[in-house]
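Bear in mind that the values in this text are calculations on the coordinates, not laboratory data. Values in this document were obtained by computation on a predicted structure and should not be read as measured data. Neighbour counts run over all protein chains shown; Cβ positions are idealised from the backbone, glycine included.
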């Protein structure tokens, strides 16, 4: 029974209390770079969930055989292999999105969330909890990606998934898209606002 | 002339932090005081200058479509570019190990202050990102690759040192709202500096 509760918290903690992006501050680069539109943000989120879950399982299976001194290289090779598979799949089935994401699919390899979870969790736990941990953290990451992408696309282009949301009448009445939202620095400010709200609610996370 | 142009562009216009937001994890974690930040910046610059030319040579003579034609005509249409991620990261990881050993030997004080962040350079997105941009932009020579690497590294160094200096002052003198303290305010500082750096857009030598 205790084991079950443990698995549950492993899976749900990363959603909010221990969110990889806004609490552990990992994997910020891609959050900022791919969120100008909602669609690449979701594709990126799914890719990270897949890579994170499977690399966690593989490393967890190998954890007793990896020599400690070369573990980083082993982890990187496992992750790189998985990322290559994801990137080839995207090129084959979603070429337009993979062009938009450009180098950032490759940069999943160096996404700190992966190394962080592999080092902190998969190296010390069994495959099944590691799988849950990977999915949980991946979803936690994807949630932030989607929130940031939602606000940036809605306020910056007036669209969601490329469909017009802000009615034409609003533009005729003088509404103007906020061009600043498309620029990368605004992603930082949106994330800062999320952190602000999140930490106002969870007071124990505030720094001194 | 073209190389100088690329060097300057890489520092200011294509700045790794303010234009692409690469290497943010270590950037946010280490920018609490200027000295450590500067040390990490130097390490990153060094790594970029070393790994970019190596990866450029790998890309030109091994990975590109037709790159293996120097082995003989039957290899002329081999395309290994799908292997580039794994080879680039292998080069970066092994070079990081070397740099770590060198720093430990020659500058124990720097080693002590950088602590666990040295191995993290291997997973610093700025370094792999540099190699991937190099591949995407079809650089023409090794010199160009070195110049771009140096420029990106210096740009990163500049960014982390500047933000660390601001964070020191903010921590000492400002009344930041509680939930924003630490990470939150750093995000906003970085965003504002990113907007400032946009004024460099369009500069051409």
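The value of relative contact order for the range B:53-205, using C-alpha pairs under 8 Å at least six residues apart, is 18 percent.
Model label sites at residue B:94 and residue B:35, defined 7 Å from Cα along the beta-carbon direction, differ in position by 3.6 nm. Going from the residue with the fewest nearby Cβ atoms within 10 Å to the one with the most, B:21, B:200 rank B:200, B:21. Which of the three applies to the range B:91-174, rounded, prolate or oblate, going by the alpha-carbon gyration tensor with a ≥ b ≥ c and a/c under 1.5 meaning rounded? Oblate, because a/c is 1.5 or more while a/b does not exceed b/c. Rounded to the nearest 500, the 222 nm mean residue ellipticity of chain A from helices alone is -21000 deg cm²/dmol, with -39,500 (n - 2.57) taken per DSSP H run of at least 4 residues.
Taking N as the residue count of the range A:46-201, its C-alpha radius of gyration divided by 2.2 N^0.38 Å amounts to 1.28.
Inter-label distance, residue B:140 to residue A:202: 5.2 nm, where each label sits 7 Å from its Cα along the C-beta direction. Helix A:38-62 and the longest principal axis of the C-alpha atoms of chain A enclose an angle of approximately 0°. Every Cα-Cα pair of the range A:67-154 was included, and the share exceeding 18 Å stands at 55 percent. Computed from Cα atoms alone, the Kirkwood hydrodynamic radius reported for the range A:58-103 is 12.2 Å.
Nearest 0.05, what FRET efficiency do residue A:17 and residue A:180 give at R0 = 30 Å with Cβ-Cβ as r? Result of the calculation: an efficiency of 0.40.
Averaged over peptide B:121-134, the number of partner chain Cβ atoms lying within 10 Å of each residue's Cβ comes to 5. Separation of the range A:27-50 from the range A:107-149 is 14 Å, based on Cα centroids.
Mean partner shielding of peptide B:12-25, defined as the number of other chain Cβ atoms within 10 Å of each residue Cβ, is 4. Here chain B was treated as a single set of alpha-carbon atoms; its pair distances binned every 5 Å from 0 give 1, 7, 15, 17, 17, 15, 12, 8, 4, 2, 1, 1, 0, 0 percent.
Per residue of peptide A:182-195, the mean number of Cβ atoms on other chains within 10 Å of the residue Cβ is 6.
Angle between the Cα long axis of helix B:34-58 and the longest principal axis of chain B, 0 to 90 degrees, nearest 10? The two axes meet at around 10 degrees. Between the Cα long axis of helix A:71-93 and the first principal axis of chain A there is an angle of about 40°, rounded to the nearest 10. Separation of the range B:169-205 from the range B:63-82 is 46 Å, based on Cα centroids.
A Förster distance of 25 Å, applied to the separation of the beta-carbon atoms of residue B:104 and residue A:61, puts the FRET efficiency at 0.20.
Along each principal axis, taking the top coordinate minus the bottom one, the Cα set of the protein assembly as shown gives 65, 62, 50 Å in descending order.
Computed on the range A:24-201, with alpha-carbon pairs under 8 angstrom and 6+ residues apart, the relative contact order is 37 percent.
Taking 0.36 nm per residue of separation and subtracting the Cα-Cα distance, full extension of the segment from residue A:128 to residue A:99 would add 7.0 nm.
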